Every structure is written in structure tokens, then in C-alpha cells.
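The values are calculated or read from the model by the stated rules, or taken from the named source; none is laboratory data. Given the structure is predicted, the values throughout are model-derived calculations rather than measurements. Heads up, the Cβs are rebuilt from the backbone with ideal geometry, glycines too, and the neighbour counts pull from every protein chain shown. Surface areas here come from the heavy atoms of the whole protein model, side chains and all, with no ligands, DNA or RNA. Shrake-Rupley method; radii C 1.70, N 1.55, O 1.52, S 1.80 Å.
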Amino acid sequence: MILSLFTPDRAVASVADLDPAVLLGGGIRGIILDLDNTIVPWGEAAPPSFVREWVHRVRAAGLRGCIVSNNSSAWVAQVGDILSLPVVGWALKPMPFGFLRAMALMGTRARETALIGDQLFTDVLGGNLLGVHTILVEPLSVREFATTRVIRRIERLVRAKVLPRVRAD
Ligand SMILES: [Mg+2]
């Protein structure tokens, strides 16, 4: 049913709750990362140190990563430089183009790819449409774009319906 398109495979508080070695053990080889409020709090310029450390662990485990953001500013590339990760900006999520580009850059197929994001209507929907492993995180900041806030209100209703369906861990 339609709700399953908005249901992530997993839901955790933040990327720090995801062990890269466990993802690798589950057959994941590449990770698509949302930017705003997934790896950088809204309004801040750089990822917090816990995110930088986690990305180091991702790389040390032998996983690839790619940032995919709907944000179109040059700042997206700066975050990529800080984390030494490739970026796809102006991705038009939930449409598939940005995710497909990311998988091409990482050299992964959908079933070997995890997607981590904080929004059901862009990250989770887009990832589920492509058949990647979708992981929902809590937004790093409660501040965000006014348009995102409106979407978030609708999203909260869907979230209340889909989260009981997600494996708790
Ligand atoms: Mg986001």
C-alpha cells in the first residue's frame, strides 16, 4: 500500500547509531547521505565532530559515501570537501536522478546502497522508489526552511502512522 513508500527500513536517532561494519555485514557497500539536518544542523556551516568521526569510520570500514542534497548552493561542495565525500547538489529529491548519479559515483547497485536522511517525503520516498535500504534519522536541528516546516507538519502525521511499522533498534 501507499504508506509503505514512506516507511523507512530502519529509524535511528542519528548517523552515530549506525555501525558501518554492521552495514557492510548486511551487504551495504555505499551510503547516500542527505545534508541538511542529517549531517549538518540547519544554519550551521560544517558537520559536527561526531559526524566527521562517523564518516571516518565509514571510510575505514571500506564503505563508499556520497552526499545528495536538494540544496543548490556552493556550500554543498564545501561540506563534501570537509568530509572528503563526493556531492550531488540540486538533486530534486524524491526524483531519482540525484540518487542514480550517487550510485554511479560510488559504483553500487540499489540493493548494495543505504540512504540516510531526515525526511520522509524526499529521502525515504525517493530511496524506496529505487529499492535502496532507507534509514530515517531525527533532524539535527528543529530550525529549518519555512517551506520544510510546512511539509514537516504533514510529515508528522505520516510519521505517526509509519514509524510503528519500522524495526526498532
Ligand atoms: Mg534533510
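Remarks
- Residues of region 106-130 classified as in a helix (DSSP H, G or I) and without any contact (Cβ under 8 Å) to a residue 40 or more places away in the chain, total: 3
- None of G89, G117, G131 is open to solvent by less than 50 Å² (accessible area, probe 1.4 Å) and at positive phi except G131.
- Pick from region 60-86, criterion assigned to a loop (DSSP other than H, G, I, E, B) and open to solvent by 70 Å² or more (accessible area, probe 1.4 Å), ranking: modelled with the lowest pLDDT: S72
- Residue within region 51-58 that is surrounded by fewer than 20 Cβ atoms within 10 Å (Cβ to Cβ), at pLDDT 95 or above, of a type outside the set (S, T, N, Q) and touching a Ser or Thr at 6+ places or on another chain (Cβ under 8 Å) present: no
- Looking across G107, G98, G27, G80, one residue alone is within 27 Å of P164 (Cα to Cα) and small (G, A, S). It is G27.
A quick yes/no check of all residues on (1) under 22 Å from A74 (Cβ atoms); (2) within 12 Å of the ligand (Cβ to nearest atom); (3) not hydroxyl-bearing (S, T, Y):
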{"residue": "W90", "(1), (2), (3)": "yes, no, yes"}
{"residue": "A110", "(1), (2), (3)": "no, no, yes"}
{"residue": "I116", "(1), (2), (3)": "no, yes, yes"}
{"residue": "G126", "(1), (2), (3)": "no, yes, yes"}
{"residue": "L136", "(1), (2), (3)": "no, yes, yes"}
{"residue": "P139", "(1), (2), (3)": "no, yes, yes"}
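- Residue count for region 27-39, restricted to those that are on the phi > 0 side of the Ramachandran plot and open to solvent by 50 Å² or more (accessible area, probe 1.4 Å): 0
- Number of positions in region 27-59 that are closer than 17 Å to V137 by Cβ and part of a loop (DSSP other than H, G, I, E, B): 11
- Residues considered: R64, R59, R101. Of these, the only one that is touching a residue at least 40 places away in the same chain (Cβ under 8 Å) and away from the ligand (no atom under 16 Å from the Cβ) is R64.
- Filter result (part of a loop (DSSP other than H, G, I, E, B), open to solvent by 10 Å² or more (accessible area, probe 1.4 Å) and out of contact with any Ser or Thr (no Cβ under 8 Å at 6 or more places or on another chain)) within region 8-26: A13, S14, D19, G26
- Check on S69, under 15 Å from I116 (Cβ atoms), within 16 Å of the ligand (Cβ to nearest atom) and among the small types (G, A, S): yes
- Just one of (1) open to solvent by 40 Å² or more (accessible area, probe 1.4 Å); (2) touching a Leu at 6+ places or on another chain (Cβ under 9 Å); (3) not polar (S, T, N, Q) fails for P139. It is (2).
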